[in-house]
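The values are calculated or read from the model by the stated rules, or taken from the named source; none is laboratory data. Given the structure is predicted, the values throughout are model-derived calculations rather than measurements. Neighbour counts are summed over all protein chains in view; Cβ atoms, including those assigned to glycine, are modelled from backbone coordinates with ideal geometry. Only protein heavy atoms, including side chains, enter the accessible area calculation; ligands, DNA and RNA are left aside. Shrake-Rupley method; radii C 1.70, N 1.55, O 1.52, S 1.80 Å.
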Amino acid sequence: MRVALVLPGSGYRNSSPTSLAGGEHLGLGSIAAYLRQFGHEVTILNFQVEDSVFDAVCTPEEVTERILRYDPEIVGISVTGLTIGQALTVTTAIKQRKPHLHVCWGSHQAASCAEEILRREPYVDTIVAGDGEIPMLRLIEALERGEPLSTVPGLWYRDVDESAGMLPLLQIRLTSNPPEPDIDDLPFPARDTLRELLDRDVAIKDARIYTSRGCPFRCTFCVYPALGYLRRWRDRSADKIVEEIKYLRDEFGIDHFWFSDDNFTLPSRRSRFRALELAEVLREAKLGVTYRVLMRADSVDGQEELMKALADSGLTCAYMGLESGSPRRLEYLDKHTNPDVYRRAVSLVRKYRIGLQVGFIMFDPFTSWEDLRIDADFLQDIEETYLYTNMSQVLYAYPGTPIASQLIEKGLLPSDFNYKSGYREYRYEEPRIGELADVLHKAGDKQWVEVDDFFRRLRMIDVPAVYRNHPEEIADEINAAVETKIMSQNRDGYDFFVRALAAGSEGDLAKVSDLVTDHYRTSARRAREMVSTLQAFPAHIVGRFSAFKYAAFSGPGQEIGVPPRSQAAMSAAPLGVSGDC
């Protein structure tokens, strides 16, 4: 059967690309590879690549035409909050032109709202409840053989119940819990998008790979707990991971890998042992690659041996979702940890010169003024107020999450909140906090994104890379120069936020806006000073800094650019800089 697997575009970009590895969709790649094993003809149509890599936003009409040009017999669409609008428009257009063409949706957000979507959207035929490989294969087989959809595991579908009386009753049913295949038994994901990028002359050196699936935790803002998995975290063997890394290195020249797991490690003996084993196998393989991970802070708290082993095996960057430094907030967000664990984990990661990126939710509807002060102190303590983003991020409330249910119960979110709703439609228990959050969040536009990217990349990617690839003496000098500016930025960021809190608590939003503008000007000026400072260092080192490659923002009257001495070196650097975080 001819199968089209589609990743719709969002229609816009709200940040600069961290890495071109983000262009691939491993879920669709894995489904494609699995279906091809059984003789099905599969194409992957990735419109996110057009949006994010080539700045060529495709209209719903263009997306529809490209899908139908392939003449598929079934269409699978991966849907997210950003793409659901285009997904609905394209699905409708497809079904209006080809009513009998089966359209199946998938993804966490589609699955968590499956019953409501199927009840309200007549053109969506079915929705996969979890991992897509087995359900998509069985769905194709059922359609080919004319078998009932009830035979397909892990599938939401419509059924007509004629036993309720004279009028048939429409029922939305889930056939079973999602299948949970042993991921070691699955084929490597198809790399159609990676090949497409290379065919279009994009110099790319990094790619995504998964080493586990799932998450056993129940953070109140996450949709994952609603999906019904029985085994909430499944890991992949070290040998399989390294086998795929070697394949991607040899076939595509990839030398930096994003481990796209919800949790690379868990705070458990078994999970830590697996991470140690992977580090050992990577070291023994001597592949000359680096990688980044997403991990919980409590999984590495006190784990000196583990962190050293990961760093020695090529770990260059870790993302930790901290969310808050307020014990009260961590409790109602159901994080099952505390700020002291965070402090120790952050210190350990930085000890081994691993770039650190933290996830932080500064504002949510239950946040108090005291929480905000505690969070500001915490962020300054771990040296993260140098980034505006950390101080302006707000909660996104998704349908099907515990926190969305709590907000509806408290009257802070409309009772008809659904998959089409915006993710910030809630009100705040303290209205003035909501007003402050709105001003700060909306101010985080493209200019601020690029300022943050400049400083973040210097600290997380470029300086650690200097330590890996150059003599320690020069690395220490560059690090000292960067950290001097970062610490100044950290102090100014903290002072800015404290003053914004004071103005916001008085309802003086005009003053808050002025503070944002002043802080941006100071930050852009400091970035220009940083560029000038780095010109004193060898061009063959700083000329390859990713901070200069991606940050093309302007301050008042002056543009941030690459140091003149570094232009030649920059022109030789690949777009996907090795070691990107």
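Quick notes
- Consider the stretch 488-513 and keep the residues that are in contact with a Lys or Arg (Cβ under 9 Å, 6 or more places away or on another chain) and in a loop (DSSP other than H, G, I, E, B). The one that is surrounded by the most Cβ atoms within 10 Å (Cβ to Cβ) is 507.
- Remark: pairs (first residue in the stretch 364-386, buried (at least 22 other Cβ atoms within 10 Å of the Cβ); second residue part of a helix (DSSP H, G or I) and aromatic (Phe, Trp, Tyr); Cβ separation under 6 Å; 6+ apart in sequence or on different chains) = 376/497; 385/494; 386/455.
- The residue that is least open to solvent (accessible area, probe 1.4 Å), counting only those in the stretch 393-418 that are among the small types (Gly, Ala, Ser) and assigned to a helix (DSSP H, G or I), is 404.
- Among residues of the stretch 198-215 being open to solvent by less than 10 Å² (accessible area, probe 1.4 Å) and at pLDDT 90 or above, the one that is farthest from residue 233 (Cα to Cα) is 206.
- Every pair of residues 6+ apart whose Cβ atoms lie under 7 Å, when the first sits in the stretch 493-515 and is among the acidic types (Asp, Glu) while the second is open to solvent by less than 10 Å² (accessible area, probe 1.4 Å): none
- Screening residue 259 against (1) within 22 Å of residue 108 (Cβ to Cβ); (2) in contact with a strand residue (DSSP E or B) (Cβ under 8 Å, 6 or more places away or on another chain); (3) open to solvent by 50 Å² or more (accessible area, probe 1.4 Å) leaves a single unmet condition, (3).
- For the stretch 93-123, a residue qualifies if it is of a type in the set (Lys, Arg) and in a loop (DSSP other than H, G, I, E, B), and exactly one does: 98.
- The number of residues in the stretch 302-341 that are of a type outside the set (Val, Ile, Thr) and over 16 Å from residue 384 (Cα atoms) comes to 25.
- Those residues of the stretch 341-363 which are crowded, with 18+ Cβ neighbours inside 10 Å and either in contact with a Leu (Cβ under 8 Å, 6 or more places away or on another chain) or within 20 Å of residue 280 (Cβ to Cβ) (or both), in sequence order: 342, 346, 348, 349, 354, 358, 360, 361, 362, 363
- Apart from one condition, residue 107 fits all of (1) on the phi < 0 side of the Ramachandran plot; (2) touching a residue at least 40 places away in the same chain (Cβ under 8 Å); the exception is (1).
- Failed item, numbered, when residue 58 is tested on (1) more than 21 Å from the chain's Cα centre (by Cα); (2) open to solvent by 30 Å² or more (accessible area, probe 1.4 Å): (2)
- Residue 161 modelled with pLDDT of 90 or more and exposed (fewer than 15 other Cβ atoms within 10 Å of the Cβ): no
- Test set (1) farther than 19 Å from residue 9 by Cα; (2) part of a helix (DSSP H, G or I); (3) over 24 Å from the mean Cα position of the chain (by Cα) - residue 66 fails condition number: (1)
So that you can scan it fast, the table gives a plain yes or no per residue for (1) under 14 Å from residue 295 (Cβ atoms); (2) open to solvent by 10 Å² or more (accessible area, probe 1.4 Å):
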residue: 308; (1), (2): no, yes
residue: 311; (1), (2): yes, yes
residue: 318; (1), (2): yes, no
residue: 325; (1), (2): no, no
residue: 328; (1), (2): no, yes
residue: 331; (1), (2): no, yes
residue: 339; (1), (2): no, yes
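- Residue pairs whose Cβ atoms lie under 8 Å apart, sitting 6 or more positions apart in sequence or on different chains, and linking a residue in the stretch 331-342 that is at positive phi to a partner that is surrounded by 14 or more Cβ atoms within 10 Å (Cβ to Cβ) and not hydroxyl-bearing (Ser, Thr, Tyr), are 334/217; 334/218; 334/219; 334/402; 336/217; 336/298.
- Filter result for the condition that a residue is modelled with pLDDT under 95 and open to solvent by less than 40 Å² (accessible area, probe 1.4 Å), over 516, 562: 562
- The residues on offer are 138, 195, and the sole one that is of a type in the set (Lys, Arg), assigned to a helix (DSSP H, G or I) and at pLDDT 95 or above is 138.
- Yes/no for residue 299 being open to solvent by 10 Å² or more (accessible area, probe 1.4 Å), hydroxyl-bearing (Ser, Thr, Tyr) and free of Cβ contacts under 8 Å to residues at least 40 places away in the same chain: no
- Against the criterion of being under 21 Å from residue 173 (Cα atoms), modelled with pLDDT of 95 or more, touching a Leu at 6+ places or on another chain (Cβ under 7 Å) and not in a strand (DSSP E or B), residue 75 does not qualify.
- Some residue of the stretch 93-112 being open to solvent by 20 Å² or more (accessible area, probe 1.4 Å) and aromatic (Phe, Trp, Tyr): no
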